[in-house]
Amino acid sequence: MDWIARIKSDPDKTLAMLYQNYKADAVGWIKTTYQLDGGDAEEIFQTSIVLLYDNVVTGKLTILTADIKTYIFSIIKNKIIHHNRAKSKTIAYDASEIIRDTVEEEYQETSKEDLDKAAKALLHIGEPCKSLLELSYYQQMKLDDITVIMNYKNNDTTKNLKYKCMKRLQKIFFGYI
């Protein structure tokens, strides 16, 4: 079933169906796995459905490489990480762990070995790439903010450097084979 096309053509009906089909499983999973109360669990599920819709409408999601339920649960897992981080400022994460978690969420079929290689690659990338990628992916900052923080000339410079840093990270990653 082409969920993306269905969401685009009839978003209200499709999202209502997804909501109804997966709400009980998702809320139960959130409550048992992450020990969150029912209100938080429902809010996270609702937000995840909205994010699914936003990702389709904005073109961020054009092809589903996994089942729609897997994709929704990946969004939920990401939202729980953000929820826990906001709830408790005392939680300290190593940036390489956050990026590894993000990669794991987006690519469910990625092996643990590949995730470990990605974390090692980030540790070896060096500055300013490490800081640039951490600001972009770990702290999820906007390009404008990164440009100011990193003291770059303009957003085009920042975007170009980010692209080059990602290419460099890929070279390091594939060099660990």
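Within 10 Å of each residue's Cβ, count the other Cβ atoms and sort 124, 83 from fewest upward.
124, 83
What does the charge count near residue 42 come to, summing +1 for each Lys or Arg and -1 for each Asp or Glu among other residues with Cβ under 14 Å from its Cβ?
Neighbour charge sum, excluding residue 42 itself: -1.
Given a cut-off of under 8 Å on Cα pairs at least six residues apart, what relative contact order in percent is computed for the stretch 1-74?
38
With a 10 Å radius around each residue's Cβ, average the other Cβ atoms per peptide and rank 54-62, 142-150, 42-50, highest first.
My ranking of the peptides, most packed first, is 42-50, 142-150, 54-62.
For the stretch 3-87, compute the orientation-averaged projected area of the C-alpha convex hull (one quarter of its surface), in nm².
5.4
Computed from the coordinates by the stated procedures, all read-outs in this text should not be read as laboratory data. Given the structure is predicted, the values throughout are model-derived calculations rather than measurements. Because the Cβ atoms are built from the backbone with ideal geometry, glycine has one as well, and the counts that use them run over all protein chains shown.
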